[in-house]
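Visitor: Dropping a structure here in structure tokens format, bear with me for questions.
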Amino acid sequence: MEHSAISQGEFARFQRFIFDMAGITMSDSKKALVSGRLAKRVQHFGLPSYDAYFKLLTDGAHKEEVQLAVDLLTTNETYFFRENRHFELLREFAISSAEAARGSLRANAPFRVWSAACSSGEEPYSIAMVLADVLGGAPWEVTASDISTRVLERARAAHYPMERATHVPQDYLRRFCLKGIRDQQGTLLVDRALRQRVSFRQVNLNTALPGDLGTYDIVFLRNVMIYFNGDTKRQVVTRILQRLKPGGHLFIGHSESLQEMGDVLRPVIPSVYRKPE
Ligand SMILES: C[S@@+](CC[C@H](N)C(=O)[O-])C[C@H]1O[C@@H](n2cnc3c(N)ncnc32)[C@H](O)[C@@H]1O
């Protein structure tokens, strides 16, 4: 079957599917992308059409395939130290939090950061490198989550082609990454000590958040709201704000905005917001 054979009606059903599953709004311009990404699955099952694949996804007996389709329909582009200004601010906030905590009752409370759409792990490991640098052995932890189990597997492996490391500071590369040798040449592995501070889990931001997530000093919610419509965005941010500590910060992508939430968040710089105490 030619993947260009998706009809408008079939495409509309997949638009609905990914909206219901992930809150992702796909415009009509994504038709070729959807047919291209799903063509292999249609072929894999030897099905005559995208509609037949849609029926399979919704028959209640193919849970794993539903996850796979969600994996295929999400866009996972990311890189280490993306939008570097955020990592400079992370450094500042972590230092001032450690100073404020010194000698106080919360001296032993970990500094907690959540990378809420972490893709293949470059974002949470960048966060972890900064925290290891400025907080060292003091208590801190990073939670990293995504809806896609495929990217979470890659994130847990922490193993990347060396060319992905272009934006990692040289000093961090030396301290926090192992350079592959022999058959691993041209790759890097994030150091074990750092990996142990980052916990990965699947979280769908489009549904109620797991009760045991806890609360955070900083949440990175970057380059995922671009896929959400206004309503979904408001619901997602409202859920996330409940997990942000008073005085905590929310980081969003530079091309995203949170104008709608002006009453509950204070802008610090464009793309960084503070939850009032
Ligand atoms: C473009 S990546 C952004 C990665 C990283 N935050 C960055 O800025 O480089 C968007 C990620 O959002 C995830 N995503 C999309 N919808 C989601 C949802 N409803 N819940 C959780 N993650 C979602 C995708 O799987 C993808 O990995």
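The values are calculated or read from the model by the stated rules, or taken from the named source; none is laboratory data. Computed from a predicted model, the values in this text were never measured in an experiment. All Cβ positions, glycine included, derive from the backbone under ideal geometry; neighbour counts span all protein chains shown. Calculation scope for accessible area: heavy atoms of the full protein, side chains included, ligands and nucleic acids excluded. Shrake-Rupley method; radii C 1.70, N 1.55, O 1.52, S 1.80 Å.
Visitor: Could you tell me which of VAL236, GLY214, SER255 has its Cα farthest along the dipole of segment 167-277 towards the positive end, charges placed at Cβ (Lys, Arg +1; Asp, Glu -1), taken about the Cα centre?
Guide: In segment 167-277, that residue is GLY214.
Visitor: Also, quick follow-up: Work out, step by step, the length gained on full extension between LEU33 and MET162: first 0.36 nm times the residue separation, then minus their alpha carbon distance; give nm to one decimal.
Guide: Roughly 43.6 nm would be gained on extension.
Visitor: Which one, PHE80, ALA22, VAL42, is farthest towards the positive end of the dipole of the chain when Lys and Arg carry +1 and Asp and Glu -1 on their Cβ?
Guide: It is PHE80.
Visitor: Which FRET efficiency value, to the nearest 0.05, is calculated for GLU64 and GLU256 with the Förster distance at 25 angstrom and r the Cβ-Cβ distance?
Guide: Working: r = 32 Å, r/R0 = 1.27.
Approximately 0.20, to the nearest 0.05.
Visitor: How many nm is it between the label spots at GLN170 and GLU99, if each spot is 7 Å from the Cα in line with the beta carbon?
Guide: Result for the modelled spin labels: 2.9 nm.
Visitor: Sticking with this one: May I ask for the angle, rounded to the nearest 10°, between helix 31-44 and the longest principal axis of the chain, with both axes built from Cα atoms and the value confined to 0 to 90°?
Guide: That helix lies at roughly 70 degrees to the long axis.
Visitor: Right, something else. If you project the alpha carbons of segment 8-74 onto their three principal axes, what span does each projection cover, largest first, in Å?
Guide: Sorted from largest, the Cα extents of segment 8-74 read 27, 21, 18 Å.
Visitor: Using every pair of alpha-carbon atoms in segment 36-155, split the distances into 5 Å bins beginning at 0 and state the percent of pairs per bin, rounded to integers.
Guide: 2, 10, 16, 15, 12, 10, 8, 7, 6, 6, 4, 2, 1, 0
Visitor: Please list ARG266, ARG243 in order of solvent-accessible area, largest first, computed with a 1.4 Å probe with all protein chains present.
Guide: Values: ARG266 120, ARG243 35 Å².
Sorted by accessible area, descending: ARG266, ARG243.
Visitor: Within segment 206-241, which residues have the backbone N less than 11 Å from the label spot 7 Å out from VAL268 along Cα→beta-carbon, could you tell me?
Guide: Residues 217-220 fall inside that zone.
Visitor: Taking the dipole about the Cα centre of the chain, with the C-beta of Lys and Arg at +1 and of Asp and Glu at -1, give me whichever of SER115, ILE226, MET129 is farthest to the positive side.
Guide: Projecting each Cα onto the dipole axis, the largest value belongs to MET129.
Visitor: I would also like to ask the following. Using the Cα centre of segment 139-206 as the reference point, and only Cβ charges (+1 on K/R, -1 on D/E), how large is the resulting charge dipole? Debye, rounded to the nearest 20. Kindly include the intermediate steps, with their values, before the conclusion.
Guide: Numbers: 12 positive and 7 negative charges, 30 e Å.
So the dipole magnitude of segment 139-206 works out to roughly 140 debye.
Visitor: Note down the magnitude of the dipole of segment 84-274 about its Cα centre, charges +1 on Lys and Arg C-beta and -1 on Asp and Glu C-beta and zero elsewhere, to the nearest 20 debye. Let's see the in-between values first.
Guide: Details: 25 positive and 19 negative charges, 67 e Å.
The calculation lands at about 320 debye.
Visitor: Note the full-extension length gain between GLN43 and GLN242 as 0.36 nm times their separation in residues minus their Cα-Cα distance, in nm to one decimal. List each step's numbers first, then the result.
Guide: Values: separation 199, 0.36 × 199 = 71.64 nm, distance 4.34 nm.
Separation in residues times 0.36 nm, less the Cα-Cα distance, equals 67.3 nm.
Visitor: Using only the C-alpha atoms of the chain, find the volume of their convex hull and express it per residue in Å³. Intermediate values should be presented prior to the final figure.
Guide: Details: hull volume 40.8 nm³, N = 277.
Spelled out: Cα convex hull of the chain, divided by residues, is 147 Å³.
Visitor: Next question. State the number of lysine pairs found in the chain whose Cα atoms come within less than 28 Å, restricting to pairs 8 or more positions apart or on distinct chains.
Guide: 15
Visitor: Within the chain, what percent of beta bridges assigned by DSSP are antiparallel, to the nearest 5? Please report the intermediate quantities before stating the final value.
Guide: Values: 12 of 30 bridges.
Once the DSSP bridges in the chain are tallied, antiparallel ones form about 40 percent.
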